[in-house]
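The values are calculated or read from the model by the stated rules, or taken from the named source; none is laboratory data. From a predicted model like this one, the values you see are computed outputs, not experimental measurements. Cβ placement follows ideal geometry from the backbone for every residue including glycine, while neighbour counts extend to all protein chains displayed. Just the protein is used for accessible areas: all its heavy atoms, side chains included, with ligands, DNA and RNA removed. Shrake-Rupley method; radii C 1.70, N 1.55, O 1.52, S 1.80 Å.
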Amino acid sequence: MSTSTETESLAQTVTALTRQARALGLTDTEWADRAGVRKETLSRLRRRQSCDFETLRSLAQAVGARLGVLEVQTPDSTPEGHFPTHVDRDYEERLVELSVSGDLDPGRWAGMGPRFFMAGLAVMLAGARTESRRGLLALAERLHPGASEVTVFNLWLERSPLRPTRFLSFVDARTAHAA
């Protein structure tokens, strides 16, 4: 098992931990002392692409945070691996939560279902949400290159077990409720 984290995830994690340290009124020096690491280590961590897990864990613990693994059960997929075999209410609810979260992390999206299916979901949302259209289309292309092309998305619409009208009404309702 690797003791490094992905660059994007590492930067996001360090940023979140820094916010927590500031909320506690800690300077970098005080935070590093609490964590038992050198201030220079913390400073370098912000520019690095990877780090030792124990260092990150210590920094989190020093601000009352914990690192963990979010285990998401992905559904069974069709024989070609492009779609989930079914979309039950629990899975649909998790997809709605992801859709309204604003989280465009490809790793999180890929962990929620077959990449082609999730790419199509991002394209569908891009068509309905102009404020995050570019980000959603970029996400779709990272999940499955070509997913934002009209012919590919039409294929997704024909074969997807997710009904767009129903799903988008749930997304709209959740978004309106949050506002």
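Kindly evaluate Arg48 against the criterion of being among the basic types (Lys, Arg), more than 27 Å from Val152 (Cβ to Cβ) and either modelled with pLDDT of 90 or more or in contact with a strand residue (DSSP E or B) (Cβ under 7 Å, 6 or more places away or on another chain) (or both). Write out each step before concluding.
Details: among the basic types (Lys, Arg): yes; more than 27 Å from Val152 (Cβ to Cβ): yes; either modelled with pLDDT of 90 or more or in contact with a strand residue (DSSP E or B) (Cβ under 7 Å, 6 or more places away or on another chain) (or both): no.
Judged against the criteria, Arg48 is not a match.
Determine whether His86 is in contact (Cβ under 8 Å) with a residue 12 or more places away in the chain, assigned to a loop (DSSP other than H, G, I, E, B) and open to solvent by 70 Å² or more (accessible area, probe 1.4 Å). Break it down into steps so the answer makes sense when it comes.
Values: in contact (Cβ under 8 Å) with a residue 12 or more places away in the chain: yes; assigned to a loop (DSSP other than H, G, I, E, B): yes; open to solvent by 70 Å² or more (accessible area, probe 1.4 Å): yes.
When the stated conditions are applied, His86 passes them.
Being open to solvent by 20 Å² or more (accessible area, probe 1.4 Å), more than 14 Å from the chain's Cα centre (by Cα) and not hydrophobic (A, V, I, L, M, F, W, C) is the filter here, so list the residues in segment 117-143 that pass it. Give the steps one after another, and end with the answer.
Step one: of segment 117-143, the residues open to solvent by 20 Å² or more (accessible area, probe 1.4 Å) are 127-135, 137-138, 141-142.
Filter once more, keeping what is more than 14 Å from the chain's Cα centre (by Cα): 127-134, 137, 141.
Gly127, Arg129, Thr130, Glu131, Ser132, Arg133, Arg134, Glu141, listed by residue number.
Restricting attention to segment 34-54, which residues are over 28 Å from Gly107 (Cβ atoms), open to solvent by 80 Å² or more (accessible area, probe 1.4 Å) and touching a helix residue (DSSP H, G or I) at 6+ places or on another chain (Cβ under 8 Å)? Those that are over 28 Å from Gly107 (Cβ atoms), open to solvent by 80 Å² or more (accessible area, probe 1.4 Å) and touching a helix residue (DSSP H, G or I) at 6+ places or on another chain (Cβ under 8 Å): Arg34, Arg38, Lys39.
Could you say which residue among Pro114, Pro106, Pro164 is surrounded by 12 or more Cβ atoms within 10 Å (Cβ to Cβ), touching a strand residue (DSSP E or B) at 6+ places or on another chain (Cβ under 9 Å) and either touching a residue at least 24 places away in the same chain (Cβ under 8 Å) or under 30 Å from Thr29 (Cβ atoms) (or both)? Steps first, please.
Working: Pro106 fails: touching a strand residue (DSSP E or B) at 6+ places or on another chain (Cβ under 9 Å); Pro164 fails: touching a strand residue (DSSP E or B) at 6+ places or on another chain (Cβ under 9 Å).
So the residue among Pro114, Pro106, Pro164 that is surrounded by 12 or more Cβ atoms within 10 Å (Cβ to Cβ), touching a strand residue (DSSP E or B) at 6+ places or on another chain (Cβ under 9 Å) and either touching a residue at least 24 places away in the same chain (Cβ under 8 Å) or under 30 Å from Thr29 (Cβ atoms) (or both) is Pro114.
Within the option set Val100, Val63, Val87, being of a type outside the set (Phe, Trp, Tyr), within 15 Å of the chain's Cα centre (by Cα) and at pLDDT below 95 holds for one residue only, Val100. When each of Thr13, Thr55, Thr7 is tested for being out of contact with any Asp or Glu (no Cβ under 8 Å at 6 or more places or on another chain) and modelled with pLDDT of 90 or more, the lone residue that passes is Thr55.
Those residues that are surrounded by fewer than 16 Cβ atoms within 10 Å (Cβ to Cβ), in contact (Cβ under 8 Å) with a residue 24 or more places away in the chain and not small (Gly, Ala, Ser), I need them from segment 55-65; list them, please. Of everything in segment 55-65, just one residue is surrounded by fewer than 16 Cβ atoms within 10 Å (Cβ to Cβ), in contact (Cβ under 8 Å) with a residue 24 or more places away in the chain and not small (Gly, Ala, Ser), namely Gln61.
The set of residues in segment 66-83 that are at pLDDT below 90, hydrophobic (A, V, I, L, M, F, W, C), under 24 Å from His144 (Cβ atoms) and surrounded by 11 or more Cβ atoms within 10 Å (Cβ to Cβ) contains only Val72. Count of segment 130-161 residues, restricted to those that are touching a helix residue (DSSP H, G or I) at 6+ places or on another chain (Cβ under 7 Å), in contact (Cβ under 8 Å) with a residue 24 or more places away in the chain and of a type outside the set (A, V, I, L, M), is 6.
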